[in-house]
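*Asks:* Here you go, one structure.
The numbers here are math on the coordinates, done by the rules we state, and not lab data. Note that the structure is a prediction, hence the values are computed from the model and not measured. Please note: Cβ atoms are built from the backbone with ideal geometry, for glycine as well, and neighbour counts cover all protein chains shown.
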Amino acid sequence: MIEVKCLASGSAGDAYAIDDGESVLLLEAGIPAKKILSGFLPLLPRVAGCLISHEHLDHCMAAAGLASRGIDLYATAGTFAGNPGIPRPYRKHVVRAGEQFRLGSWTVLPFQTKHDAAEPCGYLVYSHTAQEKLLFATDTYYIPNTFRSLNIVMVECNYSLPLLNESIAAGRIPESMKPRLLRSHFGLENVKDFILANDMSTVRHIYLLHLSGNNSDAKLFKREIQRVAGKPVTVF
């Protein structure tokens with residue numbers, strides 16, 4: 001079985017790892033490299049690479065540090081263009097939406113996401129060791145693809161529209177932020193629609209990622225997604 005591990009999730013930084021017992025994939029590099037390397041220290045000998053979704057710092061700030069320590073990076077050309085200072089160019093591997101590749105014990109298929117970034121993507125990964133399929137999608141207001149035979153779903157659930165409106169009314173965030181959130185992040189309502197649009201029959205666990213500090217409610221989100229999906233939910 002694939003194991004999912006999280007060091008950080010949210011606007012302050014994102015860093016996850018998935019382990020199938022043979023090799024490990026790091027997902028995102030949005031906290032200092034020292035923290036990633038120390039937090040995932042037992043996994044490092046089996047790390048096959050790090051998949052990065054886009055160039056915003058809460059997802060890629062440690063890219064250069066990981067590359068300098070021997071970890072290969074996988075991202076789109078647009079994402080790498082936003083990180084010109086990465087040393088050791090041979091550690092950079094350009095991926096393209098719709099073109100799958102093999103990485104350790106995994107087959108990886110990048111897919112297009114919708115975010116205010118140069119060339120963002122999510123990743124559909126299949127473990128040949130565990131014979132399980134995992135979907136990773138964050139920082140997107142829409143997922144244009146549908147998927148089947150999923151076993152694990154790691155998906156952003158950044159905000160809820162009623163909670164966002166409450167935050168604006170209370171003055172916690174300016175109203176000018178609302179259009180950007182609606183056109184760049186996955187809210188609770190989006191996650192529900194995504195679940196209903198996809199076959200969840202084989203899913204064994206859902207992980208909710210990248211919750212907003214002001215516009216989310218972890219208990220509510222967990223309860224609502226469990227109700228709609230009928231699957232166990234963990235909030236990171």
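*Asks:* Work out how far the C-alpha atoms of region 75-119 reach from end to end along every principal axis, then list the three figures in whole Å, largest first.
*Replies:* Projected onto its principal axes, the Cα set of region 75-119 covers 29, 29, 11 Å.
*Asks:* Taking Cα centroids, how far is region 176-190 from region 1-37 in Å?
*Replies:* A separation of 24 Å, based on Cα centres.
*Asks:* Moving on. Spin-label point model (7 Å from Cα, Cβ direction): what's the Ala170 to Arg227 distance in nm?
*Replies:* 2.1
*Asks:* May I have the pair-distance distribution P(r) for the chain, computed from all Cα-Cα distances with 5 Å bins from 0 and rounded to whole percent?
*Replies:* The percentages, shortest bin first, are 1, 7, 15, 19, 21, 17, 11, 6, 2, 1, 0.
*Asks:* With the cut-off at 1.5 for a/c, could you classify region 54-148 from its C-alpha gyration tensor as rounded, prolate or oblate?
*Replies:* Since a/c reaches 1.5 but b/c is at least a/b, the shape of region 54-148 is classed as oblate.
*Asks:* In 5 Å bins starting at zero, report the fraction of Cα pairs in region 115-236 per bin as a rounded %.
*Replies:* For region 115-236, the binned pair fractions read 2, 11, 22, 23, 19, 13, 7, 3, 1, 1, 0 percent.
*Asks:* Can I ask one more? Let me know the whole percent of all Cα-Cα pairs from region 170-210 that are separated by more than 12 Å.
*Replies:* 71
*Asks:* Same structure, new question: Give me the one-decimal nm value for the distance between modelled label points at Glu3 and Ser201, 7 Å along each residue's Cα-to-Cβ direction.
*Replies:* Label at Glu3, label at Ser201, 3.1 nm between them.
*Asks:* If you stretched the chain out fully between Glu189 and Lys35, how much longer would it get, using 0.36 nm times the residue separation minus the C-alpha to C-alpha distance?
*Replies:* Extra length from Glu189 to Lys35 when fully extended: 52.2 nm.
*Asks:* Within the chain, which DSSP H helices have Cα atoms that stretch 27 Å or more along the helix axis and a mean Kyte-Doolittle hydropathy of at least 0.5?
*Replies:* Membrane-span-like by this rule: not one helix.
*Asks:* Calculate the length of the line joining the C-alpha centroid of region 41-79 to that of region 139-164, in whole Å.
*Replies:* Value for the Cα centre distance between the two parts: 22 Å.
*Asks:* Sticking with this structure for a sec: Given the DSSP H assignment, sum -39500 (n - 2.57) over each helix run of at least 4 residues in the chain and divide by its residue total; what's the result at 222 nm in deg cm²/dmol, nearest 500?
*Replies:* The helix-only estimate for the chain comes to -6500 deg cm²/dmol at 222 nm.
*Asks:* If you take every residue apart from Glu22 with its C-beta less than 15 Å away from the C-beta of Glu22, what net charge results, scoring Lys and Arg +1 and Asp and Glu -1?
*Replies:* Within the 15 Å Cβ shell, the charges total -2.
*Asks:* Still on this structure, I have one more. Taking Cα atoms of region 101-142, Rg/Rh with Kirkwood Rh, to two decimals?
*Replies:* That ratio equals 1.06.
*Asks:* Residues with beta-carbon under 13 Å from that of Arg69, excluding Arg69: net charge, scoring Lys, Arg +1 and Asp, Glu -1?
*Replies:* In short, +3.
*Asks:* Dividing the Cα radius of gyration by the Kirkwood radius, what Rg/Rh value follows for region 1-108?
*Replies:* Rg/Rh: 0.93.
*Asks:* Mind ordering 139-151, 15-27, 86-98, 200-212 by average Cβ neighbours within 10 Å, highest first?
*Replies:* Going by the mean number of other Cβ atoms within 10 Å, highest first, we get 15-27, 200-212, 139-151, 86-98.
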